[in-house]
Amino acid sequence: MIRIASERLSPEAYVDFLKRTDLGAQYPRERFEARIPRLLQNASISLTARDADGQLMGVLLGLTDFAYWLYVTDLGVDRSCLRQGIGRRLMRRALELAGGEKDIAVYLIAHEGAVPFYEKLGMKRADDVMQYNHIEWTEFTVE
């Protein structure tokens, strides 16, 4: 049984989780250790999925205005638990917390390998997203 809850994670717990997911490759190396605590502290929505033993199996972090939009910054599921509906449940709960599907538009940047998952949720590729990005970005994987 997986329990979804609003919970703020410690940086250590989140980094440990990143090692067990494909999310660990989405962050740049630059100032990683300093930036992760800010991410965790400032997310408007912070959800976890834990098994009966309390093991962290999934995480969703999002930014929202609770009126119009939700931007999902992180959605990950432990590789050992994929295809069990955990990601779907996290997305559903985040949308509810943000204000519900009648009021909230959801945006995110999807890793190419995750696109089929998001399409199954009914999401579509957007052509109207703009980007301003002048940061250093050295790819690495959290290990």
### Query
How many residues does the range 18-47 hold that are modelled with pLDDT of 95 or more and either in contact with a strand residue (DSSP E or B) (Cβ under 6 Å, 6 or more places away or on another chain) or of a type in the set (Gly, Ala, Ser) (or both)?
5
### Task
Pairs only if they're at least six apart or on different chains, beta carbon under 7 angstrom, first in the range 50-61 and under 13 Å from residue 9 (Cα atoms), second among the basic types (Lys, Arg); list them, first residue then second.
50/3; 56/50; 57/50
### Task
Name every residue in the range 8-38 that is free of Cβ contacts under 8 Å to residues at least 40 places away in the same chain, more than 18 Å from residue 139 (Cα to Cα) and not charged (D, E, K, R), in order of residue number.
10, 11, 37
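The values are calculated or read from the model by the stated rules, or taken from the named source; none is laboratory data. Treat the numbers as computed from the prediction; the structure is a model and nothing was measured. Note that each Cβ is placed from the backbone with ideal geometry, even for glycine, and that neighbours are counted across all protein chains shown.
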